[in-house]
Amino acid sequence: MQHGKYRFIVGFLAAPLALYTLFVVWPFVQSIYYSFTDWTGLSPEFSMVGLDNYARLMDDDVFWKSLQHSLLFALLLPVVTIGLALFFAFMINVGGRPRRGAAVSGVRGSSFYKVAYFFPQVLSIAIVALLFQFAYNPESGAINSGLRAIGLGDVQPLWLGDPDLALWCVMAVLVWSTVGFFVVLFSAGMASIPRDFYEAALLDGASRVTTFFRITLPLLRDTIQSGWVYMGILALGAESFAVVQIMTTGPGGPDYSTTVLVLYVYQSAFRDGAAAYATTIGVALLIVTLAFAAAVMRLGRRERLEY
């Protein structure tokens, strides 16, 4: 049984590892290499400039603004999104009143709520961004029109045109568009928890809040940890780029109030023709993403619970 075991394993892993190295690892290596050059992205010619791009990065006010916004996304969005998703999933699966033949059940209409919460996942993030761009329009948007309809005509925020509100408007869209995915994810995790645990807790007089913190949360901890990392990567990557690029003025405005690192990479490369500097910002984004994932995995480390 042991004869040829390692050759068998290597034979299966060789092709996937080669593809991963070619399409994931090698582009990262190239980006780090180009960050030490003056490549414009438009010409095959470039020269080495050492740490000049990194020195420029340290003095770039737009970079520090975009880094601040990206960190805010990475720290705040997972808390809000996963918190809401846990609450909704708990209510849908085990948060309802006891019924005949089922001591533990979800709220009435839970099947409909699952579909309603997951619906934003069916839409492209570009479509979601366009819909909310129209909704945030201060003149004809649905939000300000609704405020006028209920007699709050004096309360007409500029939303995306206000530097103090624009970033929060973008974050609200990201929460709305992603919370449904995590509701389904956590619902699947809760479905695997034996109902006997909840029934025993209820017989002992435990409240719904107690069962959530004493049973659901500990047994879903691994799922929550994975979701936290995934949501952080979304907040630092493509999701935040798409929403900011489509919704905001500039994009990234007003006055760089919504610029995030991934958008700044795109603008530096394709608008400013500074591909080498864009890869330098990309290296910074890579470090932030890896640090975020490592911190979440380290803080969430614990002994595995078996049930």
Q.
Would you confirm whether or not the range 208-228 contains a residue that is open to solvent by less than 60 Å² (accessible area, probe 1.4 Å), within 14 Å of the chain's Cα centre (by Cα) and hydrophobic (A, V, I, L, M, F, W, C)?
A. yes
Q) Can you name the residue in the range 158-201 that is in contact with a Pro (Cβ under 8 Å, 6 or more places away or on another chain) and free of Cβ contacts under 8 Å to residues at least 24 places away in the same chain and, of all such residues, is most open to solvent (accessible area, probe 1.4 Å)? A) 158
Q. Which pairs have Cβ atoms under 6 Å, sit 6 or more apart or on different chains, and link a residue in the range 43-67 that is over 23 Å from residue 255 (Cα atoms) to one that is open to solvent by 40 Å² or more (accessible area, probe 1.4 Å)?
A. 46/38; 46/39; 47/38; 48/36; 49/38
Q.
Give me the helices (runs of 4 or more DSSP H) completely within the range 1-110, filtered to those with at least 3 residues that are crowded, with 17+ Cβ neighbours inside 10 Å and at pLDDT below 90, ordered by residue number.
A. 61-93
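Looking only at residues in the range 1-52 that are of a type in the set (Gly, Ala, Ser) and under 28 Å from residue 289 (Cα atoms), which one is nearest to the chain's Cα centre (by Cα)? Give the derivation first.
Taking the range 1-52 and keeping what is of a type in the set (Gly, Ala, Ser), we get 4, 11, 14-15, 18, 31, 35, 41, 43, 47, 50.
Filter once more, so that each one left must be under 28 Å from residue 289 (Cα atoms): 14-15, 18, 31, 35, 41, 50.
Working: 14: 32, 15: 30, 18: 28, 31: 23, 35: 26, 41: 29, 50: 34 Å.
Across the range 1-52, the extreme among qualifying residues is 31.
Condition check: touching a Pro at 6+ places or on another chain (Cβ under 8 Å) and under 21 Å from residue 35 (Cβ atoms). Does residue 263 satisfy that? Break it down into steps so the answer makes sense when it comes.
Values: touching a Pro at 6+ places or on another chain (Cβ under 8 Å): yes; under 21 Å from residue 35 (Cβ atoms): yes.
Judged against the criteria, residue 263 is a match.
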Q) Which residues, counting only those in the range 241-267, are under 14 Å from residue 129 (Cβ atoms), outside any loop (DSSP other than H, G, I, E, B) and open to solvent by 10 Å² or more (accessible area, probe 1.4 Å)? A) 241, 242, 245, 246
Q) Taking only pairs six or more apart or across chains, which ones have beta-carbon atoms under 7 Å, a first residue in the range 122-137 that is farther than 15 Å from residue 171 by Cα, and a second residue that is outside any helix (DSSP H, G or I) and modelled with pLDDT under 95? A) 134/141
Q.
Can you tell me which condition residue 204 does not meet? The list is (1) surrounded by 13 or more Cβ atoms within 10 Å (Cβ to Cβ); (2) charged (D, E, K, R); (3) at pLDDT below 85, and all the others hold.
A. (1)
Q. If you go through the range 237-285, how many residues are of a type in the set (Val, Ile, Thr) and over 20 Å from residue 57 (Cα atoms)?
A. 5
Q) So how many residues does the range 209-237 have that are touching a residue at least 40 places away in the same chain (Cβ under 8 Å) and either closer than 30 Å to residue 132 by Cα or out of contact with any Phe, Trp or Tyr (no Cβ under 8 Å at 6 or more places or on another chain) (or both)? A) 16
Q) Quick one: how many residues across the range 286-305 are closer than 16 Å to residue 75 by Cβ, at pLDDT below 90 and either open to solvent by 30 Å² or more (accessible area, probe 1.4 Å) or among the basic types (Lys, Arg) (or both)? A) 3
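The values are calculated or read from the model by the stated rules, or taken from the named source; none is laboratory data. If you're wondering where the values come from, they're calculated on a predicted model, not measured in any experiment. For neighbour counting, all protein chains shown are included, and Cβ atoms are generated from backbone atoms with ideal geometry for every residue, glycine included. Accessible surface is based on the protein model in full, side chains and every heavy atom, while ligands, DNA and RNA are left aside. Shrake-Rupley method; radii C 1.70, N 1.55, O 1.52, S 1.80 Å.
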